[in-house]
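For reference, the structure discussed in these notes is given below.
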Amino acid sequence: MGREFGEGIRRAIEQTGLTHRKLAEKLGWDEAKLSDLVRGKGGVDEGDLKHLLGFCRVKPDEIRHLVALFRETRESGYLKIPEEGPPDQVPLLLNQERLANEITVWSANLIPGHLQTADYMRAALEGVVRKAVDYEKLIAAKLERRNLFHWSRRFVFFIHEQAVRLPVGGPEVMKDQHIHLLAMAQRSYITVRIVPTAIGAHAGISGSFLQLSYEKFEPVIFIEGETSGLFLEDARSLAVYSSLLKLLDDQALDPEQSKELITGILI
């Protein structure tokens with residue numbers, strides 16, 4: 001991924017104590033070439049990358065990791081399948097979310113993970129039959145996403161009404177979840193928009209997804225599977241999902257109407 005790769009290169013450069021200009025001079029590069037590499041825009045080959053990492057005295061394991069990321073940035077998509085651990089993509093996604101300045105979520109079936117209470121998470125996980133899964137570890141990983149919330153970022157959540165109404169964990173769990181959802185929706189940097197059941201077919205009918213937007217990189221779309229996570233970065237996919245979000249924006253209730261709907265369910 002361009003963002004993870006760029007962050008790794010920045011760390012490698014920082015440990016040299018050199019400015020980009022001075023480092024480029026020592027490598028015999030134009031400063032623009034180094035800048036493009038850091039921003040994930042290419043301009044170098046694998047040999048150049050290894051030369052840079054060797055000069056920065058990056059450890060062998062990290063070199064292998066960054067070279068693998070470099071190769072993946074040449075692809076139109078990025079499929080991440082964990083080699084071990086629970087079949088959940090939150091730890092993988094969280095690394096990318098930490099770098100984003102805007103996160104837009106479309107959730108068709110459940111309250112989005114960022115906005116879930118611990119009891120709601122537990123009840124949702126118990127509804128899925130999985131063997132040898134440490135649910136508490138999984139919940140702890142999900143709750144870590146709460147640290148993303150900060151006024152310097154913007155969050156937009158499009159949620160289908162059926163997800164808000166779906167009884168997960170019983171009346172008390174749902175009551176607490178709705179109260180928490182309303183409380184989060186009061187924050188100035190969080191927008192909650194409900195897509196009402198009454199409109200019927202809608203733009204997000206093909207499934208849930210996230211759009212991560214960055215200051216220095218192109219956006220990326222994340223689609224979560226049962227045992228894998230797919231990151232899409234190609235221009236065609238970005239255009240399609242951007243169009244879907246615009247349609248959802250047209251179809252969803254406005255923030256105040258959305259709060260009223262949630263309050264009506266709570267009462």
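Just so it is clear, none of the values below were taken in a lab; they were calculated from the coordinates. Because the structure is a prediction, the values reported are computed rather than measured. We place every Cβ from the backbone using ideal geometry, glycine too, and count neighbours over all the protein chains shown.
What the table shows:
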{"read-out": "Burial ranking of peptide ranges 31-37, 60-66 (average Cβ count within 10 Å, highest at the top)", "value": "31-37, 60-66"}
{"read-out": "Cα-based shape type of the stretch 78-266, given that a ≥ b ≥ c are square roots of the gyration tensor eigenvalues and the cut on a/c is 1.5", "value": "rounded"}
{"read-out": "Cβ charges +1 (Lys, Arg) and -1 (Asp, Glu), total dipole of the chain, debye", "value": "520"}
{"read-out": "The chain: DSSP helices with Cα axial extent of at least 15 Å and average Kyte-Doolittle hydropathy no lower than 1.6", "value": "none"}
{"read-out": "Cα→Cβ-extended label distance, 7 Å offset, between residue 25 and residue 101, nm", "value": "3.0"}
{"read-out": "DSSP-assigned coil residues among GluC sites (Glu not before Pro) in the stretch 204-267, each with at most 16 further Cβ atoms within 10 Å", "value": "215, 226"}
{"read-out": "Whole-number percent relative contact order across the stretch 78-266, with pairs defined as alpha carbons under 8 Å at least 6 apart", "value": "32"}
{"read-out": "Environment charge at residue 21 (Cβ cut-off 11 Å; Lys +1, Arg +1, Asp -1, Glu -1)", "value": "-1"}
{"read-out": "222 nm mean residue ellipticity, helices alone, for the chain (DSSP H n ≥ 4; -39,500 (n - 2.57); rounded to 500)", "value": "-14000 deg cm²/dmol"}
{"read-out": "Built amide H within the under 5 Å cut-off of residue 209, gap 5+", "value": "106"}
{"read-out": "Positive-end residue, the chain charge dipole about Cα centroid, Cβ charges, pick of 68, 18, 190", "value": "18"}
{"read-out": "Label-point separation in nm, residue 134 to residue 201, each point 7 Å along Cα→Cβ", "value": "4.6"}
{"read-out": "Candidates per chymotrypsin sites (Phe, Trp or Tyr not before Pro) in the stretch 159-267, loop by DSSP, up to 13 other Cβ within 10 Å", "value": "189"}
{"read-out": "Karplus 3J(HN,Hα) series, Hz, for the stretch 152-169 with 6.51 cos²θ - 1.76 cosθ + 1.60 (x for Gly, Pro)", "value": "6, 10, 10, 10, 10, 10, 9, 10, 6, 4, 4, 5, 6, 8, 4, x, 10, x"}
{"read-out": "Potential lengthening between residue 59 and residue 188 on full extension [0.36 nm per residue; Cα-Cα distance subtracted]", "value": "42.2 nm"}
{"read-out": "Modelled FRET efficiency - R0 22 Å, residue 143 with residue 263, Cβ distances, 0.05 increments", "value": "0.30"}
{"read-out": "Gaussian network model of the chain, springs between alpha carbon atoms under 10 Å - residue of 254, 48, 234 with greatest fluctuation", "value": "48"}
